[in-house]
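Chemist: Handing you a structure now.
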Amino acid sequence: MSESEAAVHGHGALMEESPYAIPSRKFTMWLFIISDAVTFGSFLFAYGYIRVATPNWVRPFETGSVVNVVIMTIVLITSSLTMLGAVDAAKLGDKGKAMRFLYSTMMLGAIFAILHLREWSELIGKGTTISSGLFGQTFFTITGLHLLHVISGVIALLVVAMKYSGGRLTPSHVETTGLYWHFVDLVWMFVLPLVYLTNIAH
Amino acid sequence: MSAASASGNVIRKYLPVYFVLIGIFLVELLLSFRIASTSKLVIVLLLLAVCSAALGLMYFMHLGQERRGLFLTLIPVTIFVLLMMNMWWSDSVRLLHMRPMGQ
């Protein structure tokens, strides 16, 4: 009996049927994602209140930063698409294609992280650091937390890809890691407008 | 249908969602130059971000294809917690000054 069949039908009389019809690994990832969403939510609510309540807020992002952010966003959304391809190819048993999609996703994640660090270095070069006021504190904390998730995701994808390639992990593991990667993309959809787009220099 | 061509289909299947997400981002970018009021901009951008997140959840994370019980277990509770967070944060500002709201 496959893992997904076991999740749907249960193990005979020994175990109850899963109410959600998904493997426990996937459900655990969903619970992690929800808890992480609440963590990001608390940071973003705090930022939102501070941002709206503070007069003369710093707006440091000029044309160069805006172009950088546009590229970063397109890269991250594209990486979600390649992740979908990896999961689908893995489920269909096409290991070669799944690996190519996984490596594409990792490469896009790495490009995102490099562009992010370039943005940081430009800001630090202009004198904005984590200790230089409310903007620096909130910006580096929120984007740093997101960047940490991206880097962790790339490492997780690398480990899963290597073990999946060696036959030690199943397509189900690729799917669960994919869920995490899509979540990282989803969080960026909130970080981007709140932290970047409200701080563009006019 | 071979496995290779079938896995190419999933990209084509989700390409419209991908372009809608890019489109929403470009609208957000345009609005950030057009709307001068910060509070109004934050609200509009948040609404668009919720639309993007809903698309990501339903299509990329396949929540729309799972049993409805999973959606009902995870999403309403998360929204409730986040909304309560919204209440606590504003209340913490009130408590900071130890006075009722509006004073």
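Chemist: With a 10 Å radius around each residue's Cβ, average the other Cβ atoms per peptide and rank A:79-86, A:192-199, highest first.
Modeler: Ranked by mean Cβ neighbours within 10 Å, highest first: A:79-86, A:192-199.
Chemist: Take the alpha-carbon positions of the range A:25-199, form their convex hull, and give its projected area averaged over all directions (one quarter of the hull surface) in nm².
Modeler: Orientation-averaged projected area of the Cα hull: 9.9 nm².
Chemist: If you don't mind, another one. Would you work out the Kirkwood radius for the protein assembly as shown? I mean one over the mean of 1/r across all pairs of different Cα atoms, in Å.
Modeler: 20.8
Chemist: Just how many % of Cα pairs in the range B:26-71 lie over 18 Å apart, if you round to the nearest whole percent?
Modeler: 43
Chemist: Name the long-range amide H neighbours of A:Phe61: under 5 Å, sequence gap of 5 or more, or other chain; modelled H, no Pro or chain starts.
Modeler: A:Ala201
Chemist: In sequence order, what are the phi-derived ³J(HN,Hα) couplings for the range B:31-48 according to the Karplus relation 6.51 cos²θ - 1.76 cosθ + 1.60 with θ = phi - 60°, rounded to whole Hz, with x for glycine and proline?
Modeler: 5, 5, 8, 8, 8, 8, 6, 4, 5, 5, 5, 4, 5, 4, 5, 5, 4, 5
Chemist: Among A:Thr78, A:Gly125, A:Met107, which residue has its Cα positioned farthest towards the positive end of the charge dipole of the range A:25-199, with +1 placed on the Cβ of Lys and Arg, -1 on the Cβ of Asp and Glu, and the dipole taken about the Cα centre?
Modeler: A:Met107
Chemist: Next question, about the same structure. Which residues make up the longest stretch of chain A that has no trypsin sites (Lys or Arg not before Pro) in a DSSP loop with at most 13 other Cβ atoms within 10 Å?
Modeler: Looking at chain A, A:1-125 is the longest stretch - no exposed trypsin sites (Lys or Arg not before Pro) with at most 13 other Cβ atoms within 10 Å.
Chemist: Convert each backbone phi in the range A:108-120 into a coupling constant with the Karplus relation 6.51 cos²θ - 1.76 cosθ + 1.60 (shift: θ = phi - 60°), then list the ³J(HN,Hα) values in order as whole Hz, x for Gly and Pro.
Modeler: Result, rounded to whole Hz: 5, x, 5, 4, 4, 5, 5, 5, 5, 5, 5, 4, 4.
Chemist: Over the whole of A:26-35, what's the average partner chain Cβ count within 10 Å per residue? Rounded to a whole number, please.
Modeler: The mean count of partner-chain Cβ atoms within 10 Å per residue comes to 3.
Chemist: May I ask which of B:Lys13/B:Lys40; A:Lys97/A:Lys163; A:Lys95/B:Lys13 have a Cα-Cα span longer than 24 Å here?
Modeler: Over 24 Å Cα-Cα: B:Lys13/B:Lys40.
Chemist: Follow-up. List the chymotrypsin sites (Phe, Trp or Tyr not before Pro) within the range A:70-116 that fall in a DSSP loop (any state other than H, G, I, E or B) and whose Cβ has at most 10 other Cβ atoms within 10 Å.
Modeler: none
Chemist: Per the helix-only calculation at 222 nm, which mean residue ellipticity applies to chain A, given -39500 (n - 2.57) for every DSSP H run of n ≥ 4 and division by its residues, nearest 500 deg cm²/dmol?
Modeler: -26500 deg cm²/dmol
The numbers here are math on the coordinates, done by the rules we state, and not lab data. As the structure is a prediction and not an experimental result, all values here were calculated from the model. When we count neighbours, we look across all protein chains shown, and the Cβ atoms used for this are built from the backbone with ideal geometry, even at glycine.
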